[in-house]
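Notes follow once the structure below has been shown.
The values are calculated or read from the model by the stated rules, or taken from the named source; none is laboratory data. Owing to the predicted nature of the structure, the values given are computational and were not obtained by experimental measurement. Ideal geometry is used to build each Cβ from the backbone, glycine not excepted, and the neighbour counts take in all protein chains shown.
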Amino acid sequence: MGIPRKAGHTGPELQAVPSQRRVLSILVVGQILGGIGMGATLSLGALLAAELSGSAAWSGMAATMSTLGAAAAAVPLARLAEASGRRVSLSTGALIAALGAVTAVGSAVAGAFPLLLLGLVLLGSGSAVSLQARFAAADLAEPQTRGRDLSVVLWSTTIGAVLGPNLFGPGEVVGAALGLPPLTGAFVFSLTAQLAAAAVYLTGLRPDPLLAAQRVRDRGNDGAAPPPRSSGLAILRTNPAARYAVAVIALSHAVMVALMSMTPVHLSSHGASISIVGFTISLHIAGMYALSPVFGWLSDRLGRKSVVLLGQGFLLAALIVAGLAAQSVVAVTVSLVLLGLGWSASVVSASALVSEAVAVPERPAIQGISDLGMNAAGALGGASAGLILAAVGYSGLGYSAVLLVAVVIAWTVLQGLRPPAKENTRV
């Protein structure tokens, strides 16, 4: 375990600490199920939004409302984890997402566009669960494997994200058999997957990893009362390491969303087929998740900030390629792959830094603020990208985002790189 224990603790106390391998296995299964639930519905949500609203202009509200839902759920779920543990928090988030799937189906039955928007907000809770699960992997991790453990859980999202969209066809068959309106069958799979994920978290995360980490830490303090817990905002004000890590995640996510969200529009306007656009986005998603365990391992070996700089290098290369060769489909595809790799390296290493910046009792608070900032930055990046694209084009968008990368690189260099053995590993 990554948490110190006093010598002589045996029996029930030792048994109250779950094995890290078991925790990771449960989180991976939950992430796969949650990924299926989200992947099976978000794309159809855009189509359903256009149909119920009567205008394709509203189709983008599907991603927007889901992102807002994830942002809104981040801090409440973190507070629930702080009070009752990861088991209750993750399962509650999955159940809220399941309610969102039911609401989305109900909106199609009633022909009510506002009800669909509510359902998409609730479905966003599933994304918040996915983000929080990566931090749950760090609760009991050894400092020297924290990046790897966190990245394995993040990587498992890929499986569900790939499987989910392939359920569109079967979903329509199931929906027709149940007498549901068109475009809603996949929400049945989403409902089932989120309910299954909630069951996995409720039954599998026993003992709870976060509560176990807090108990072991309290025993190591010789019975002394734990210090009062600070809110996430208070931690950001007083803890430079936490402030840096949260900013890296938010700014890296904003860069990724800004360029990625406008790429389909750019490619389509230059005559690329839907299949080419889909293939480009698929490669981008592969870049985001496929190598995350590699970046986790590197962050454990080379140091968190070294891998942050590596990630920013990928992002910078992506933006320069997009700026110089915006008219080339091949170049744009290469840019999107580099963008995914940069996001992965930056978010994996910075997420480990978030967990290491504070002691165990304060982790949920700062993690909730981190997820809130990440989703808010993504929403702002996506919204502003459209305006920038209209004003200066795709090349200008790429060059504009370089400013955010420059901020992270400068901040990292000013802080100074530390060798892996001396990085903060406090629990």
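Looking across segment 275-330 at every residue that is modelled with pLDDT under 90 and polar (S, T, N, Q), the one that is farthest from the chain's Cα centre (by Cα) is identified as SER275.
Answer yes or no as to whether SER53 is closer than 30 Å to ALA359 by Cα and polar (S, T, N, Q). Steps first, answer last, please.
Details: closer than 30 Å to ALA359 by Cα: no; polar (S, T, N, Q): yes.
The answer is no for SER53.
Every residue, every condition in (1) surrounded by 18 or more Cβ atoms within 10 Å (Cβ to Cβ); (2) β-branched (Val, Ile, Thr); (3) not assigned by TED's automatic domain parsing to the domain that holds THR145, yes or no:
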| position | (1), (2), (3) |
| --- | --- |
| THR333 | yes, yes, yes |
| LEU339 | yes, no, yes |
| SER349 | yes, no, yes |
| ARG363 | yes, no, yes |
| GLY368 | yes, no, yes |
| LEU414 | no, no, yes |
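Report yes if LEU389 is free of Cβ contacts under 8 Å to residues at least 24 places away in the same chain and out of contact with any Cys (no Cβ under 7 Å at 6 or more places or on another chain), otherwise no.
No: the conditions fail for LEU389.
Only residues that are touching a Phe, Trp or Tyr at 6+ places or on another chain (Cβ under 8 Å) and in a helix (DSSP H, G or I): list them for segment 288-309, please. Passing the criteria: MET288, TYR289, SER292, PRO293, VAL307. Only a single criterion out of (1) part of a helix (DSSP H, G or I); (2) in contact (Cβ under 8 Å) with a residue 12 or more places away in the chain is not satisfied by ARG237, namely (2).
Among the residues of segment 386-397, not a single one is polar (S, T, N, Q), closer than 19 Å to THR64 by Cβ, more than 16 Å from the chain's Cα centre (by Cα) and surrounded by fewer than 23 Cβ atoms within 10 Å (Cβ to Cβ).
When each of SER107, SER125 is tested for being of a type outside the set (D, E, K, R) and within 30 Å of ARG304 (Cα to Cα), the lone residue that passes is SER125.
So that you can scan it fast, the table gives a plain yes or no per residue for (1) assigned to a helix (DSSP H, G or I); (2) more than 19 Å from SER91 (Cα to Cα); (3) at pLDDT below 70; (4) in the same structural domain as ILE96 (by TED's automatic domain parsing):
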{"residue": "ALA7", "(1), (2), (3), (4)": "no, yes, yes, no"}
{"residue": "VAL17", "(1), (2), (3), (4)": "no, yes, no, yes"}
{"residue": "SER25", "(1), (2), (3), (4)": "yes, no, no, yes"}
{"residue": "VAL28", "(1), (2), (3), (4)": "yes, no, no, yes"}
{"residue": "GLN31", "(1), (2), (3), (4)": "yes, no, no, yes"}
{"residue": "ILE36", "(1), (2), (3), (4)": "yes, no, no, yes"}
{"residue": "LEU44", "(1), (2), (3), (4)": "yes, yes, no, yes"}
{"residue": "LEU47", "(1), (2), (3), (4)": "yes, yes, no, yes"}
{"residue": "LEU52", "(1), (2), (3), (4)": "yes, yes, no, yes"}
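Screening PRO227 with (1) at pLDDT below 80; (2) crowded, with 24+ Cβ neighbours inside 10 Å gives one miss only, at (2).
Would you call SER355 assigned to a helix (DSSP H, G or I) and at pLDDT 95 or above?
Numbers: assigned to a helix (DSSP H, G or I): yes; at pLDDT 95 or above: no.
Criteria not met by SER355.
For segment 274-326, the set of residues classified as of a type in the set (Ser, Thr, Tyr) and in contact (Cβ under 8 Å) with a residue 60 or more places away in the chain consists of TYR289, SER292, SER299, SER306, listed by residue number.
Can you tell me how many residues in segment 261-277 are under 21 Å from THR67 (Cβ atoms) and out of contact with any Pro (no Cβ under 7 Å at 6 or more places or on another chain)?
So in segment 261-277, the residues under 21 Å from THR67 (Cβ atoms) come out as 261-266, 277.
Retained after the next criterion (residues that are out of contact with any Pro (no Cβ under 7 Å at 6 or more places or on another chain)): 261-266.
So the answer is 6.
Looking at segment 74-83, is at least one residue aliphatic (A, V, I, L, M), under 13 Å from the mean Cα position of the chain (by Cα) and under 21 Å from MET374 (Cβ atoms)? Within segment 74-83 (the criterion being aliphatic (A, V, I, L, M), under 13 Å from the mean Cα position of the chain (by Cα) and under 21 Å from MET374 (Cβ atoms)), the answer is yes, since at least one residue qualifies.
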